[in-house]
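The values are calculated or read from the model by the stated rules, or taken from the named source; none is laboratory data. From a predicted model like this one, the values you see are computed outputs, not experimental measurements. Here the Cβ positions follow ideal geometry from the backbone for every residue, glycine too, while neighbour counts run over all protein chains shown.
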Amino acid sequence: MRILGIDPGTGILGFGVIEIDNRNKAHLTDAGVIRTPVHEDTSVRLLTIYDELTALIKELKPQKMSVEKLFFAQNVTTAMTVAQARGVVLLCGQQHGLELHEYTPLQIKMALTGYGRADKKQMQEMVRVILELKEVPKPDDCADALAAALCCSQSMR
């Protein structure tokens, strides 16, 4: 089973793909970010996200997509643009027939650390340990996307 995790964003969208073997062990397949220039119109940035995510799905062929749900308390403008990026991600996943799963940051933290208030460093270290990586995935958006994918794999058990 191949799972594509997404940490939504308009400027930087993190992605991480893991493969679950027949022993339910997760292995890193690919991870990175999709970047869009700040000076471009939002519609162009969303199209870039759609096109690059479509290419990733076609190349890596995941069966499931795990997307982090939004949790914003302060900046409404940022929340709106990230929500638009999330909409593009969900549309793209649906169009490619992926089984879609959405998790809150609390659910992701609980799945990986057993503690809903784990900090970013704890989460990154758990991603590194679970995937048996030499280093924490960089940038943070990439590690967050892998955490979303790992959360999905935990919920499959």
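Per the listing I34, I108, I57, the residue uniquely of a type outside the set (D, E), at pLDDT 95 or above, in contact with an Asp or Glu (Cβ under 7 Å, 6 or more places away or on another chain) and outside any strand (DSSP E or B) is I108.
The residues on offer are L28, L13, L4, and the sole one that is touching a Phe, Trp or Tyr at 6+ places or on another chain (Cβ under 8 Å), within 20 Å of A143 (Cβ to Cβ), modelled with pLDDT of 95 or more and of a type in the set (A, V, I, L, M) is L4.
For F71, the conditions (1) loosely packed, with under 14 Cβ neighbours inside 10 Å; (2) without any contact (Cβ under 8 Å) to a residue 24 or more places away in the chain are fulfilled apart from (2).
Here the condition is being farther than 28 Å from E40 by Cα and of a type in the set (D, E, K, R); of K121, K138, it holds for K121 alone. Within the bounds of segment 72-84, is there any residue that is among the small types (G, A, S), closer than 26 Å to Q107 by Cβ and assigned to a helix (DSSP H, G or I)? Looking through segment 72-84, at least one residue is among the small types (G, A, S), closer than 26 Å to Q107 by Cβ and assigned to a helix (DSSP H, G or I). Scanning segment 35-76 for residues that are of a type in the set (S, T, N, Q), in contact with a Ser or Thr (Cβ under 8 Å, 6 or more places away or on another chain) and more than 15 Å from L91 (Cα to Cα) yields T36, T42. Residue pairs, Cβ under 7 Å, 6 or more apart or interchain, first in segment 112-129 and under 16 Å from A31 (Cα atoms), second surrounded by fewer than 16 Cβ atoms within 10 Å (Cβ to Cβ) and at pLDDT 95 or above. List them. Correct list of pairs: R128/E135. For segment 117-138, the set of residues classified as surrounded by 13 or more Cβ atoms within 10 Å (Cβ to Cβ) and either part of a loop (DSSP other than H, G, I, E, B) or in contact with a Cys (Cβ under 8 Å, 6 or more places away or on another chain) (or both) consists of A118, L131, L133, V136, P137, listed by residue number.
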